[in-house]
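Note sheet for the following structure.
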Amino acid sequence: MKIATVQFTCVPADISANVQQMASLADEARVQGAELVVFPELALTGYELEAVLAHRDLRVQADDPRLDAVRASGVASVVNCVAPAEGERPAIETLVFGADGELITTYRKQHLFEHEQDVFQAGRRDGRFELGGLRFALATCFDNHFSELVSRGAADGCQVHLASSLYGTGGGVEELATVYPGIAKNFNLYVVMANHVGPAGEWTGCGRTALWAPGGALLAQADAETPMVVTAEVG
């Protein structure tokens, strides 16, 4: 299977504008032959925690009509967003849609990073799905720093580890370059990571969205500055 992972600069707290960008990137991925496209963490809103606290309309569910353009792209998609949850606090949720636009599965970020703990509630279950004969594990940014979560995916027969993330310039560059090839090497998994590029809340996304092979070899990587799609054969 050819998988695409993308990076772009989100319009702060503007779901419609971000969906337009995501649909265009998904179309590009499909044209390149990808069957699945992965988007960064909080791709629908940008990493805008103050806005998330202030505006409940930034929460989306899988059937939200604002997502129609992504669901209609003709390629399976991994969309990370703010979602309603039990209680007042929302969750950081991944929605996985098939190429037909139907929901395949959902996953909520389990390991919240620092100030995220004041805004969101953590998920309690792992994310899995199967597509095109491959089994996938889902994780979101800080989740990937916890080897027990990754280990459970490998033990559950997953071959591909998908990570919607946000890493900034500075120390985030080294973290990204260490964590994800490390997962590929230590757990013998394909790893697909989508990052932000440019302004992302209080951060500046460092780009470098990439795919790694089991063992840690780099398959394809974006640059540090440009919204783009990168693809590689997986499996």
A chain fully extended from D64 to D100 at 0.36 nm per residue, minus the present Cα-Cα distance, gains in nm 11.4 nm
Out of every Cα pair in region 169-212, what percent are spaced more than 16 Å from each other?
-> 38 percent
Treat every Asp and Glu Cβ in region 1-129 as -1 and every Lys and Arg Cβ as +1, leave all other atoms uncharged, and give the resulting dipole magnitude about the Cα centre to the nearest 20 debye.
-> 340 debye
Report, in whole Å, the centroid distance computed from the Cα atoms of region 104-135 and region 31-100.
-> 12 Å
Label-point gap, in nm, between E225 and E50 - each point 7 angstrom along Cα→Cβ = 2.9 nm
By DSSP, what percent of the beta bridges with both residues in the chain are antiparallel, rounded to the nearest 5?
-> 70 percent
Rounded to 5, the percent of DSSP beta bridges in region 112-235 classed as antiparallel | 60 percent
Could you state the principal axis extents of the C-alpha atoms in region 53-131, from the largest down, to the nearest angstrom?
-> 37, 27, 19
Under Stokes-Einstein, region 1-53 at 10 °C and 1.306 mPa s, with its Kirkwood radius over C-alpha pairs, diffuses with a coefficient in µm²/s of 137 µm²/s
Cα-based equivalent ellipsoid of region 151-191: semi-axis lengths in Å, sorted from largest, via gyration tensor | 22, 10, 7
Given only helices, namely DSSP H runs of n ≥ 4 each adding -39500 (n - 2.57), what is the per-residue ellipticity at 222 nm of the chain, to the nearest 500 deg cm²/dmol?
-> -6500 deg cm²/dmol
Expressed in nm to one decimal, what extension gain is obtained for the pair D126 and K185 from 0.36 nm per residue of sequence separation less their Cα-Cα distance?
-> 19.1 nm
Given the options A210, A69, A155, state which has the largest fluctuation in a GNM of the chain using a 10 Å cut-off (strictly under) for Cα springs.
-> A155
Could you state how much accessible area I104 has, in square angstrom rounded to the nearest 10, with a 1.4 Å probe and all protein chains kept in place?
-> 70 Å²
With all protein chains present, how much of the accessible area of the chain (probe radius 1.4 Å) comes from carbon and sulfur, to the nearest whole percent?
-> 48 percent
Using a 1.4 angstrom probe and counting only protein chains, how large is the accessible area of K2 in Å², to 10?
-> 50 Å²
Equivalent-ellipsoid semi-axes of the chain, from the Cα gyration tensor, Å, largest first | 23, 19, 18
Based on Cβ point charges of +1 for Lys and Arg and -1 for Asp and Glu, what charge dipole magnitude is obtained for region 119-181 about its Cα centre, in debye rounded to the nearest 20?
-> 220 debye
Other residues with Cβ under 9 Å from the Cβ of A4 give, with Lys and Arg +1 and Asp and Glu -1, a net charge of 0
Starting from the Cα gyration tensor of region 151-235, multiply each eigenvalue by 5, take the square root, and state the resulting semi-axes largest first in whole Å.
-> 23, 13, 10
Per the Kirkwood formula on distinct C-alpha pairs, the Rh of region 111-209 is how many angstrom?
-> 14.1 Å
Connecting every pair of Cα atoms under 10 Å apart in the chain and solving the GNM, the largest mean-square fluctuation among G101, G33, G133 falls on G133
All Cα pairs of region 4-114, percent lying beyond 16 Å | 55 percent
Roll a 1.4 Å probe over the protein chains and send me the accessible area per residue for the chain in Å².
-> 40 Å²
Among L95, L219, Q121, the residue whose Cα sits farthest towards the positive end of the charge dipole of region 80-235 (+1 at Cβ of Lys and Arg, -1 at Cβ of Asp and Glu, taken about the Cα centre) is L219
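The values are calculated or read from the model by the stated rules, or taken from the named source; none is laboratory data. Every value quoted in this text rests on a predicted model; they were computed, and no experiment measured them. Neighbour counts are summed over all protein chains in view; Cβ atoms, including those assigned to glycine, are modelled from backbone coordinates with ideal geometry. With ligands, DNA and RNA removed, areas are computed over all heavy atoms of the protein, side chains included. Shrake-Rupley method; radii C 1.70, N 1.55, O 1.52, S 1.80 Å.
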